[in-house]
Structure formats: C-alpha cells, structure tokens
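Engineer: First, the structure itself, so that you have it in front of you.
The values are calculated or read from the model by the stated rules, or taken from the named source; none is laboratory data. Please read these numbers as outputs of a predicted model, since none were measured by experiment. A quick note on method: Cβ atoms are made from the backbone with ideal geometry, for glycine too, and the neighbour counts reach across all protein chains shown. All accessible areas refer to the heavy atoms of the entire protein, side chains included, with ligands and DNA or RNA removed. Shrake-Rupley method; radii C 1.70, N 1.55, O 1.52, S 1.80 Å.
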Amino acid sequence: LDPAAARGLRVAVVAAQWHTEIMGGLFAGARAAAADLGLEPVLVRVPGTVELTVAAARLAEDFDAVAVLGVVVRGDTPHFDYVCQAATMGLTDVSTATGVPIGFGVLTTDDEQQGLDRAGLEGSSEDKGYDAAVAAVDAALTLRGLGL
C-alpha cells in the first residue's frame, strides 16, 4: 500500500487484554503497520474479545477503518465456541451495518503456542496484528477509490 494514498485516513485499533504476551505482539504489529502507512491510529483496549464488537461499533462512527485484535484459546468448555462465534458474527455485522472496514485480527487457536506463532513476536511465523491493520486500511482505500 502507498502511504500517500492512506494520508488522511482515520484509523483505530481496538485490542482485548487477555493473553498479555500474544496481545502485546498483535498490538505492536498493528501500530507498526499504521506507522509504515504514515498513520497515527487511535489505540483502544477493552477487557476481552466479546467487548471488541461494541468498541468497534462505536469507533466505526468516527473512523474510516478499524482493526480489531484478540485471541481466544480453546479450553475444555464450549466457551471457546461461543466467544469465537459472537466475535466473528458481531464484527461482521458492525462492518456491514456501518460500511466501515473491520480488519479481523482475532486469533482462534487450539493452544497458546499457535497464538504466539501468529503474534508477530520474535520467532513468530506470522504477524496477524500487522495484517489486520493493513487489511482494514486497504479495504478503506478500495472503498474510497470507488467513491464510497
């Protein structure tokens, strides 16, 4: 993406607080993506992944793109399924209802190591925080290019 094209976009990053090490990597990745694009995002922290939806809905009122970051690690109860479904459906609904792109950086993993592998930390194979921020900005620029 061209930083000149992104100039003037209003971007927010909202991140859950659970799983501190993984979330720290995701949050750093999203901030790095914004910096690479010449943007200074508003950074918001919420308690958990379920709360991402309401924060994204409110932020979508004032921003051109929102990146959301969270991690849900599978456990021994159905809690994982409920949280993952609520976050996925809720954030999809926010995006379609508002027309504001939501970069989906919610990791749904079977174990903590899978989250660490995707968190953009030293030794990680992926940086999903970075990817989520870039996806949100890229979609916003696509919509802007279409005059929407």
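Engineer: Does any residue in the stretch 101-118 that is more than 30 Å from L148 (Cβ to Cβ) come within less than 6 Å, Cβ to Cβ, of a residue that is among the polar types (S, T, N, Q) and open to solvent by less than 40 Å² (accessible area, probe 1.4 Å) six or more places away or on a different chain, and which pairs are these?
Structural biologist: These pairs meet every condition: G115/T109; D117/S124.
Engineer: Right, D62: open to solvent by 40 Å² or more (accessible area, probe 1.4 Å) and either farther than 21 Å from L143 by Cα or part of a strand (DSSP E or B) (or both) or not? Before you say what the answer is, go through the steps one by one.
Structural biologist: On the way: open to solvent by 40 Å² or more (accessible area, probe 1.4 Å): yes; either farther than 21 Å from L143 by Cα or part of a strand (DSSP E or B) (or both): no.
Here the answer is no, as D62 does not meet what is asked.
Engineer: Sticking with this structure for a sec: Would you pick out the residues in the stretch 7-16 that are at pLDDT below 95 and touching a Gly at 6+ places or on another chain (Cβ under 7 Å)? Let's see the steps before the verdict.
Structural biologist: We begin by selecting, within the stretch 7-16, every residue at pLDDT below 95; these are 7-8.
Listed by number, the list holds a single entry, R7.
Engineer: Further, regarding this structure: Of the residues that make up the stretch 30-48, is at least one touching a Ser or Thr at 6+ places or on another chain (Cβ under 7 Å) and either modelled with pLDDT of 95 or more or among the aliphatic types (A, V, I, L, M) (or both)?
Structural biologist: At the first step, the residues of the stretch 30-48 found to be touching a Ser or Thr at 6+ places or on another chain (Cβ under 7 Å) are none.
No, there is no match, as no residue in the stretch 30-48 is touching a Ser or Thr at 6+ places or on another chain (Cβ under 7 Å) and either modelled with pLDDT of 95 or more or among the aliphatic types (A, V, I, L, M) (or both).
Engineer: Could you please find all residues in the stretch 32-48 being in contact (Cβ under 8 Å) with a residue 60 or more places away in the chain and either in contact with a Phe, Trp or Tyr (Cβ under 7 Å, 6 or more places away or on another chain) or not in a loop (DSSP other than H, G, I, E, B) (or both)? Even if it seems obvious, please write down each step before you answer.
Structural biologist: So in the stretch 32-48, the residues in contact (Cβ under 8 Å) with a residue 60 or more places away in the chain come out as 32-34, 37, 39, 41.
Of everything in the stretch 32-48, those that are in contact (Cβ under 8 Å) with a residue 60 or more places away in the chain and either in contact with a Phe, Trp or Tyr (Cβ under 7 Å, 6 or more places away or on another chain) or not in a loop (DSSP other than H, G, I, E, B) (or both) turn out to be A32, A33, A34.
Engineer: Somewhere in the stretch 71-79, is a residue closer than 13 Å to V14 by Cα and of a type in the set (A, V, I, L, M)?
Structural biologist: Our first condition is that a residue be closer than 13 Å to V14 by Cα; within the stretch 71-79, this holds for 71.
Narrowing further to those that are of a type in the set (A, V, I, L, M): 71.
Yes, the stretch 71-79 has at least one match.
Engineer: Shifting gears a bit: If you check G24, G38, which single one turns out to be on the phi > 0 side of the Ramachandran plot and small (G, A, S)? Spell out the reasoning first.
Structural biologist: Values: G24 fails: on the phi > 0 side of the Ramachandran plot.
Result: G38 is the single residue among G24, G38 that is on the phi > 0 side of the Ramachandran plot and small (G, A, S).
Engineer: Confirm whether D81 is surrounded by fewer than 16 Cβ atoms within 10 Å (Cβ to Cβ), more than 23 Å from D111 (Cα to Cα) and without any contact (Cβ under 8 Å) to a residue 12 or more places away in the chain. Spell out how you get there, then give the answer.
Structural biologist: Details: surrounded by fewer than 16 Cβ atoms within 10 Å (Cβ to Cβ): yes; more than 23 Å from D111 (Cα to Cα): no; without any contact (Cβ under 8 Å) to a residue 12 or more places away in the chain: yes.
The answer is no for D81.
Engineer: Looking at A97, is it open to solvent by 50 Å² or more (accessible area, probe 1.4 Å), part of a helix (DSSP H, G or I), within 20 Å of V66 (Cβ to Cβ) and of a type in the set (A, V, I, L, M, F, W, C)? Lay out the reasoning, then the answer.
Structural biologist: On the way: open to solvent by 50 Å² or more (accessible area, probe 1.4 Å): yes; part of a helix (DSSP H, G or I): yes; within 20 Å of V66 (Cβ to Cβ): yes; of a type in the set (A, V, I, L, M, F, W, C): yes.
Yes; evaluated as a whole, the condition is true for this residue.
Engineer: Condition (residue is open to solvent by 40 Å² or more (accessible area, probe 1.4 Å) and free of Cβ contacts under 8 Å to residues at least 12 places away in the same chain) applied to the stretch 22-31: is it met by at least one residue? Full working, then the answer.
Structural biologist: Start the filter on the stretch 22-31 by keeping residues that are open to solvent by 40 Å² or more (accessible area, probe 1.4 Å), which leaves 28, 31.
This time we only want the ones that are free of Cβ contacts under 8 Å to residues at least 12 places away in the same chain, so: none.
No: zero hits.
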